[in-house]
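A quick write-up on the structure given underneath.
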């Protein structure tokens, strides 16, 4: 007797198998499981995947679009200025309530792990207090990892460094930074050395907003790669955005990418947000703001897609669907080969889970029993359709269900329903 069986699902690698769950763990993944179950989900050939993972988000700002006003220019800097006003207006309760609503959206989409950057600039640290409370509230069903993020600069903000240390002492999980927002290139590089040392001394991971600019001379990623290697932080460091790389000289990039690969750091581009914030000062040709995804992957650098923002001062759209992120990334990075399209699905599941160090992840015996059943036949079709999540299981419990996305037709001589699935 087991608690739950998902029968006849198609796994991302193409195998068809049953998945048996007892308590919070997967106890078997094989064909023809005969055990009785308290609950059965008939997957019937639908794609069964480990849950989606978002390695880059801003939960303290989410669902605040239009407060205190709309970002009229659509630029990164106006968004930062608007957030600077909002973070001093928003109460802890407001941020927790918005976060809970967003996490409800996330669970409904099979997104069960999120790494969120938390602004540590204001001395009141209400942002940190709110996100720590939110982390505890959602812990039974969603993994929320928090990054101490000095939005206004580790050194540029009056108490930037002291407040980051306070946030870590309060229980924030990861060390963050924004070197390109410091006063000078030298201070930006110094902030990275400082942040990586703090992480090394505390045994923490690092996730840096790095070179999120159109300036091809913003090259802090080389310092981040150097410190990652020098301090033995391989596998614990991510550079987020890295948009300046879309403007860098190709010869310099030919030197830079092997250094990144050698360091063991990862990259997290955020395609939905990068392509609308970057290139705002261009006429034509207009740069698209995405880092060099395929080139990094070719060198073995882990690259995962991030959501970044939903309905906040920087982005006026969003649904908490990581397949939307993969879909946009596929287009902007021109990843249209079948193997590349399938890789985009892996980027928002397995790759992202590895980047944020998510333990016991996957569809195998002994893994945490979290998964999603999608109305699709394979990963590429899932990216194409962004389909209904027929069932979402978190830690062995069914936490969401949706109906297939079929449409009823009234056309002469045609079937009564239409499906967009090809498989």
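Select from segment 27-46 the residues that are within 28 Å of the chain's Cα centre (by Cα) and closer than 19 Å to residue 390 by Cα and list them in ascending order.
Scanning segment 27-46 gives 41, 43, 45, 46.
Can residue 347 be described as in a loop (DSSP other than H, G, I, E, B), at pLDDT 95 or above, under 23 Å from residue 421 (Cβ atoms) and in contact with a helix residue (DSSP H, G or I) (Cβ under 8 Å, 6 or more places away or on another chain)?
It is false that residue 347 is in a loop (DSSP other than H, G, I, E, B), at pLDDT 95 or above, under 23 Å from residue 421 (Cβ atoms) and in contact with a helix residue (DSSP H, G or I) (Cβ under 8 Å, 6 or more places away or on another chain).
Spot the failing condition for residue 391; the list is (1) without any contact (Cβ under 8 Å) to a residue 60 or more places away in the chain; (2) out of contact with any helix residue (DSSP H, G or I) (no Cβ under 9 Å at 6 or more places or on another chain), and only one is missed.
(1)
If you take just the strands (runs of 3 or more DSSP E) that sit entirely in segment 1-103, which of them hold at least 3 residues that are touching a residue at least 40 places away in the same chain (Cβ under 8 Å) and surrounded by 15 or more Cβ atoms within 10 Å (Cβ to Cβ)?
2-10, 16-22, 25-30, 47-49, 52-57
Taking the condition surrounded by 19 or more Cβ atoms within 10 Å (Cβ to Cβ) and touching a helix residue (DSSP H, G or I) at 6+ places or on another chain (Cβ under 8 Å), does residue 199 pass?
Considered against the rule, which asks whether it is surrounded by 19 or more Cβ atoms within 10 Å (Cβ to Cβ) and touching a helix residue (DSSP H, G or I) at 6+ places or on another chain (Cβ under 8 Å), residue 199 comes out as no.
Looking at (1) surrounded by fewer than 20 Cβ atoms within 10 Å (Cβ to Cβ); (2) part of a loop (DSSP other than H, G, I, E, B); (3) touching a strand residue (DSSP E or B) at 6+ places or on another chain (Cβ under 7 Å), which one does residue 291 not meet, given that it meets all the others?
(1)
Among the candidates 306, 318, 300, single out the residue that is assigned by TED's automatic domain parsing to the domain that holds residue 84, in a loop (DSSP other than H, G, I, E, B), within 23 Å of residue 212 (Cα to Cα) and touching a strand residue (DSSP E or B) at 6+ places or on another chain (Cβ under 6 Å).
306
Restricting to segment 369-380, and then to whatever is surrounded by fewer than 23 Cβ atoms within 10 Å (Cβ to Cβ) and out of contact with any helix residue (DSSP H, G or I) (no Cβ under 6 Å at 6 or more places or on another chain), can you tell me which residue is nearest to residue 108 (Cα to Cα)?
Among those residues, the one meeting the criterion is 375.
The values are calculated or read from the model by the stated rules, or taken from the named source; none is laboratory data. Small disclaimer: the values here were computed from a predicted structure and weren't measured. Virtual Cβ from ideal backbone geometry, glycine too; neighbours counted across all protein chains shown.
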